[in-house]
Amino acid sequence: ITCCWNNTPPPPSSMGSKSDGVLNVSVLEGEQVTVEDTGGQETFILANESVLMRGLVLRSWSNQIAIRFRSDQGQNSGFVRLRYQAFVLSCSFPKEPAGGEVSVTHLHPGGEAYFRCLTGYRLQGMKMLTCRNATKPYWSGKEPRCVASCGGMIKNATYGRIVSPGFPGNYSNNLTCHWVLEAPEGQRLHVHFEKVALAEDDDRLLIKNGNNIDSPPIYDSYEVEYLPNEGVLSTGRYLFIEFTTDGTITSTGAAIRYEAFAKGMCYEPFVKYGNFSSSDSTYGVGAVVEFSCNPGYTLEQGSVVIECADAQNPQWNETEPACRAVCSGEITDSAGVVLSPNWPEAYDKGQDCIWGIHVEEDKRIMLDIQVLHIGKNDLLTFYDGDDLTGNILGQYSGTRSRFKLYTSMADVTIQFQSDPATNIYGYNNGFVVHFFEVPRNDTCSELPEITNGWKSTSHPDLIHGTVVTYQCYPGYQLTGSEILMCQWDLTWSGDVPRCEEVLTCQDPGTVAHSHRILTGSRFTVGSTVQFICNKGYVLSGNSLLTCYNRDSAAPKWSERLPKCVPEKYEPCRNPGAASTSMQNSEKAFYQAGEMLTFSCHPGYELQGEATIYCIPGHPSQWNNTPPACRGESTDVFCVFRLVVLNMDYSLEGTNAAIKFASCYFGIKYTLMGCSLLLCSLFRLQGKSIRIPSSLPPYDNMTEESAFDNESGVSTDAVNMQDVDCHNTSVLS
């Protein structure tokens, strides 16, 4: 009998296969069983008959597995009963660049990884990578690097870090780097020394109290043997930093941290590989600060508690402490970390360190060796017991990938011996061992709490089938599996996740009738989004949104999304129309953009644009004047009548006002010339001429009434050639 089952889950192709457990197995001698991962370039055997047992859990790397069973026994053959389940394949978590950070939206296909560098570094490579969908998902490019800059001008320097090029690796030869720090107006600068490691020749680090190379020095690596734990202070708002190397030996270089502080305040404290809490976030006089170290580190040198004292010249009453990974120690915590001496920096040669770990008597210890990168002549040994006479759980040298060990009792002893003849150089050389108190062999091991998060358990005894759920505090997001299950073989279904700080705001979205401008990295803290409305719309709300960090929650936008609403304009007034023309719609006001069309009465011809429209504005205006309507005939046949505007007149005297009638209406005539003339025609007998202050407009004249007899003045019709108008003025 030869049987073969091929298991390929349905689309999407990012689904991977998982044999969720061997429910039962009974294989006779000579029978063959294999479980293979067939989705890669080469077939990979996950298990065969020699390792198959009830409760075994297998996990494939691709979306295809094959189960093969072969027997020569006929009807009396053995059997295998499996249960399988599909799960989503994912990209591995991208490597965090030295001197930088990485955050991911998710690890499944389509997920994005964003990289940023810490202050003092610049990104070399892609800022964002995408998880590509494939049989085995992969990132769209190589992880970028963060490269230290050689010098620069840092304005508004409030808080940051400066490192020598190549740090934490060695710097190059023949460097000359200059940095100028400029604090905000009215503030001073303080510098903490994280590390200064220069070759013992002409390599040099200078910090000067000013903004140029001629400023007086306040720190010179030539002149001091030990770094000042309290750092250095500027007297003004500037510091000048110079780093120079020669052409011979190199070393790690320098890393310094700076912060600005206001007058009357102490500077913000700092402890490398540790944390602190303060009674006053502004660090005014009377503020008390308490320090603590990260797991695996021990407080050394300075005081655990310091206070800002002296109102005349505020300063800390004690030096800040240092956190250091030490050689040897006795640990009674239920969980913790053991680090190689000086981690993450290189350990010294010729060391012999011993750590003892002790937990509750009815428990055992799980050791998770996450990093092991020591010299080939160095030894790391684990003893099952409370001294060096216990059974050796394992002894290692050189480099190994992550692995786990379990003790049989409540004590373990760790010994590290470094070769007296060989130095190990470089960053991240050493070891990192996490340990946890776990139950005896009838349950799964106790899972640790996670930093910036918490866990909840479905069953207090962690028996088979128990589910542990991890969640993060506000402002952090879970990386890894949220749910872990205790499996048949009493191991957990995955690794413990971690809570990563959320450093980006969610996409704020778009605003209708607008476009947006993004500054800074993609929605990271400090970046801004500006919305600009399209033409014809005005903004309602704040146009600029800033992504800001919140201590107890995820980053948030500073404002709500604005709106772009249609712009409101004043209407245009009715422009009026001649008596010979008509409007297609007659109303007092017309809205911006509205059109008005004119037409003429029969017998008249339109002169000008027939349609005008209201141009939006404040105020809105017509784009043109209304058109005119003219008679269609070009013949002029007018009768003029003389009207003297004063009853008491004589041909002797000053000038007289003469008004001429318009052309007769009803016939296609057009009046050419003025309708009111002032001529030197009459001389009045000492009488002044009275001219009305206003005259009826031409548009409102009728055929006869406009020139009817006014105020009882006699009228005479005259011919134009009988009027001697040598000095004539047009008045209307």
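The values are calculated or read from the model by the stated rules, or taken from the named source; none is laboratory data. Since this is a predicted model, take the numbers as computed values, not measurements. Note: ideal-geometry Cβ built from the backbone for every residue, glycine included; neighbour counts use all protein chains shown. For accessibility, only protein heavy atoms count, side chains too; no ligands or nucleic acids. Shrake-Rupley method; radii C 1.70, N 1.55, O 1.52, S 1.80 Å.
Residue 330 - would you say it is outside any loop (DSSP other than H, G, I, E, B) and surrounded by fewer than 17 Cβ atoms within 10 Å (Cβ to Cβ)? Spell out the reasoning first.
Working: outside any loop (DSSP other than H, G, I, E, B): yes; surrounded by fewer than 17 Cβ atoms within 10 Å (Cβ to Cβ): yes.
Answer is yes for this residue.
Pull up segment 255-286, narrow it to residues that are touching a Cys at 6+ places or on another chain (Cβ under 7 Å), in a loop (DSSP other than H, G, I, E, B) and in contact (Cβ under 8 Å) with a residue 24 or more places away in the chain, then point me to the one that is most open to solvent (accessible area, probe 1.4 Å).
Among those that are touching a Cys at 6+ places or on another chain (Cβ under 7 Å), in a loop (DSSP other than H, G, I, E, B) and in contact (Cβ under 8 Å) with a residue 24 or more places away in the chain, it is 285.
Is it the case that residue 516 is among the basic types (Lys, Arg) and under 30 Å from residue 91 (Cα atoms)?
Numbers: among the basic types (Lys, Arg): yes; under 30 Å from residue 91 (Cα atoms): no.
No; evaluated as a whole, the condition is false for this residue.
Quick one: count up the residues across segment 118-168 that are open to solvent by 80 Å² or more (accessible area, probe 1.4 Å), under 29 Å from residue 108 (Cα atoms) and of a type in the set (Ser, Thr, Tyr).
Selection size over segment 118-168: 1.
Please work out which residue is most open to solvent (accessible area, probe 1.4 Å), limiting yourself to segment 196-254 and to residues that are over 21 Å from residue 269 (Cβ atoms), in contact (Cβ under 8 Å) with a residue 60 or more places away in the chain and not in a strand (DSSP E or B).
If we take residues in segment 196-254 being over 21 Å from residue 269 (Cβ atoms), in contact (Cβ under 8 Å) with a residue 60 or more places away in the chain and not in a strand (DSSP E or B), then 248 is most open to solvent (accessible area, probe 1.4 Å).
If you scan segment 524-534, which residues turn out to be assigned to a loop (DSSP other than H, G, I, E, B) and either closer than 10 Å to residue 564 by Cα or hydrophobic (A, V, I, L, M, F, W, C) (or both)? Let's see the steps before the verdict.
Of the residues in segment 524-534, the ones assigned to a loop (DSSP other than H, G, I, E, B) are 525-527, 534.
Of everything in segment 524-534, those that are assigned to a loop (DSSP other than H, G, I, E, B) and either closer than 10 Å to residue 564 by Cα or hydrophobic (A, V, I, L, M, F, W, C) (or both) turn out to be 525, 534.
Does residue 413 qualify as being closer than 25 Å to residue 367 by Cβ, of a type in the set (Ser, Thr, Tyr) and buried (at least 16 other Cβ atoms within 10 Å of the Cβ)? Before you say what the answer is, go through the steps one by one.
On the way: closer than 25 Å to residue 367 by Cβ: yes; of a type in the set (Ser, Thr, Tyr): yes; buried (at least 16 other Cβ atoms within 10 Å of the Cβ): yes.
Answer is yes for this residue.
In segment 345-363, what residues are under 45 Å from the mean Cα position of the chain (by Cα), in a loop (DSSP other than H, G, I, E, B) and surrounded by 17 or more Cβ atoms within 10 Å (Cβ to Cβ)?
345, 346, 347, 359
Looking at segment 445-459 only, could you name the residues that are farther than 30 Å from residue 556 by Cα and open to solvent by less than 70 Å² (accessible area, probe 1.4 Å)?
Let us first name the residues in segment 445-459 that are farther than 30 Å from residue 556 by Cα, namely 445-448, 457-459.
Scanning segment 445-459 gives 445, 447, 448, 457, 459.
Would you check which residues across segment 460-503 are closer than 30 Å to residue 559 by Cβ, outside any loop (DSSP other than H, G, I, E, B) and open to solvent by 40 Å² or more (accessible area, probe 1.4 Å) and list them?
Result: 471, 476, 477, 478, 500, 501.
Evaluate segment 380-394: report whether one residue or more is within 27 Å of residue 471 (Cα to Cα), hydrophobic (A, V, I, L, M, F, W, C) and surrounded by 14 or more Cβ atoms within 10 Å (Cβ to Cβ). Break it down stepwise before answering.
Step one: filter segment 380-394 for residues within 27 Å of residue 471 (Cα to Cα), giving none.
No; the residues of segment 380-394 include none that is within 27 Å of residue 471 (Cα to Cα), hydrophobic (A, V, I, L, M, F, W, C) and surrounded by 14 or more Cβ atoms within 10 Å (Cβ to Cβ).
Suppose we filter segment 144-175 for residues that are of a type in the set (D, E, K, R), free of Cβ contacts under 8 Å to residues at least 60 places away in the same chain and part of a strand (DSSP E or B); how many remain? Working first, answer last.
Residues of segment 144-175 of a type in the set (D, E, K, R): 145, 155, 161.
In the following step, the residues that additionally are free of Cβ contacts under 8 Å to residues at least 60 places away in the same chain were identified as 145, 155.
In the following step, the residues that additionally are part of a strand (DSSP E or B) were identified as 145.
Of the residues in that region, 1 qualify.
Among the residues of segment 576-608 satisfying the criterion of being charged (D, E, K, R) and closer than 26 Å to residue 536 by Cα, which is most open to solvent (accessible area, probe 1.4 Å)? Can you show your working first?
Here is the first cut: in segment 576-608, the ones charged (D, E, K, R) are 586-587, 594, 605.
Add one more test, that the residue is closer than 26 Å to residue 536 by Cα, and what stays is 587, 594.
On the way: 587: 84, 594: 53 Å².
Only one residue fits best here, namely 587.
Looking at segment 52-67, can you tell me whether even one residue there is open to solvent by 50 Å² or more (accessible area, probe 1.4 Å), over 38 Å from the mean Cα position of the chain (by Cα) and of a type in the set (Lys, Arg)? If you could, list the steps in order and put the result at the bottom.
Here is the first cut: in segment 52-67, the residues open to solvent by 50 Å² or more (accessible area, probe 1.4 Å) are 53-54, 59, 61, 64.
Still in the list and also over 38 Å from the mean Cα position of the chain (by Cα): 53-54, 64.
When the remaining residues are screened for being of a type in the set (Lys, Arg), the result is 54.
Yes: segment 52-67 contains one or more residues that are open to solvent by 50 Å² or more (accessible area, probe 1.4 Å), over 38 Å from the mean Cα position of the chain (by Cα) and of a type in the set (Lys, Arg).
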